[in-house]
Amino acid sequence: MAITGLMGFGFVIMHMLGNLQIYLGQNVEGIYALDQYAKNLRAFGPMLYVARFGLLTIVLLHIVAAFQLTKISHQGRPVKYYKTVATGSDYASRTMRVSGPIVLLFIIYHLLDFTFGNVNPNFHEGQVYANVLASFSNPLISLFYIVAMLSLGLHMYHGLWSLFQSLGANNTKYNDLIRKFALLATLVVVIGNISIPISVLIGVIKK
Ligand code: HEM
């Protein structure tokens, strides 16, 4: 769970950095930086499919590990608690089995939106800037993305903290630093990604 989570985190950071190129607008030849970036990625050819397959494998392994952990946790306490009083857990950690499936549903919708284009009102292969603009011009779709990013934030915050514990780095000397890192990385990803639909809605990103 920890290793696949760490890999997922790596993807999310790189993807956000790629997405932020939307703010670079067009170059002198009138090509959007985001479209050029997508074109450069496609130039990797078969390697891109290897990376996509790797990413899919990571997501699937992460889900399998989640089911295994849930089973172990239920076996550890077969009879439900009469009353649950939270000690040593926070909202993010208690809602991992809710935020995880929300992120999964988001990824499925997101692929249909920007990769396959089935649910995008004006999808054109390779015209990534225009595709993002078309989708986020609908306030309901933007709202859905914002809610999904907040769920991703909760999931990431606890996941980042927890993965260091799983990998054996739960030393009282470092715990405070790990918490701060988890919070900072989460805020960067959530604010960076959420800024995009908001910028489209308020007209900062436009044709
Ligand atoms: C507001 C935030 C986001 C925006 C604007 C965005 C934008 C995009 C766009 C435009 C593409 C298609 C790129 C292309 O055709 O070259 C894409 C693909 C993708 N996105 Fe996002 N994304 C966002 C957040 C996320 C998040 C949080 C995740 C994962 C948790 C994610 C996972 C993916 C995946 C798996 C792909 C497919 C990659 C591929 O085709 O190989 N995205 N995204």
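Give me the distance between the Cα centres of the stretch 117-145 and the stretch 165-207, rounded to whole Å. Cα centroid of the stretch 117-145 versus Cα centroid of the stretch 165-207: 24 Å apart. Listed by chain and number, the lysines whose alpha-carbon sits under 30 Å from that of residue 207, ignoring those within fewer than 8 places in the same chain, are 39.
Based on a Kirkwood Rh over C-alpha pairs, give the Stokes-Einstein translational diffusion coefficient of the stretch 127-207 at 4 °C and viscosity 1.567 mPa s in µm²/s. Once the numbers are plugged in, D ends up at 91 µm²/s. Enumerate the residues in the stretch 1-29 having an amide nitrogen under 20 Å from the point lying 7 Å beyond the Cα of residue 39 toward its Cβ. Backbone N within reach: 18-29. Legend: Rg and Dmax of the stretch 43-90, from Cα coordinates, 18.6, 58 Å. Phi angles of the stretch 49-59 translate, via the Karplus equation with coefficients 6.51, -1.76, 1.60 and θ = phi - 60°, into HN-Hα couplings of 5, 5, 5, 4, 5, x, 5, 4, 4, 4, 4 Hz per residue; Gly and Pro are given as x.
Of the residues 134, 67, 86, the one whose Cα sits farthest toward the positive end of the charge dipole of the stretch 2-201, with +1 on the Cβ of Lys and Arg and -1 on the Cβ of Asp and Glu, is 86. Computed extension length for residue 107-residue 122: 3.5 nm, one decimal, from 0.36 nm per residue of separation with the Cα-Cα distance subtracted. Solvent-accessible surface (1.4 Å probe) assigned to residue 189 amounts to roughly 0 Å². All distinct Cα pairs of the stretch 2-201 go into the 1/r average, and the inverse of that average, the Kirkwood radius, is 18.8 Å. For the peptides 48-55, 19-26, the ranking by mean Cβ contacts within 10 Å, running from highest to lowest, is 19-26, 48-55. For the chain, the mean residue ellipticity at 222 nm estimated from helices alone is -23500 deg cm²/dmol, where every DSSP H run of n ≥ 4 contributes -39500 (n - 2.57) and the total is divided by all residues, rounded to the nearest 500. Computed extension length for residue 199-residue 138: 20.7 nm, one decimal, from 0.36 nm per residue of separation with the Cα-Cα distance subtracted.
Converting phi to 3J(HN,Hα) with the Karplus coefficients 6.51, -1.76 and 1.60 and the offset θ = phi - 60°, the stretch 65-73 yields 4, 5, 5, 5, 5, 4, 4, 4, 5 Hz in sequence order, with x at every glycine or proline. Ranked by solvent-accessible area (1.4 Å probe, protein heavy atoms only, all chains present), the residues 77, 94, 179 order from largest to smallest as 94, 77, 179.
Stokes-Einstein diffusion for the stretch 1-112 at 37 °C, viscosity 0.692 mPa s, with a Kirkwood radius from C-alpha pairs, works out to 189 µm²/s. Rounded to 0.05, the FRET efficiency of the residue 176 and residue 11 pair, given R0 = 35 Å and the Cβ-Cβ distance, is 0.85.
Residue separation of residue 187 and residue 75 scaled by 0.36 nm, minus their Cα-Cα distance, works out to 36.8 nm of gained length.
The values are calculated or read from the model by the stated rules, or taken from the named source; none is laboratory data. Model, not experiment: these values are computed from the prediction. Please note: Cβ atoms are built from the backbone with ideal geometry, for glycine as well, and neighbour counts cover all protein chains shown. These accessible areas exclude ligands, DNA and RNA; they are computed on the full protein's heavy atoms, side chains included. Shrake-Rupley method; radii C 1.70, N 1.55, O 1.52, S 1.80 Å.
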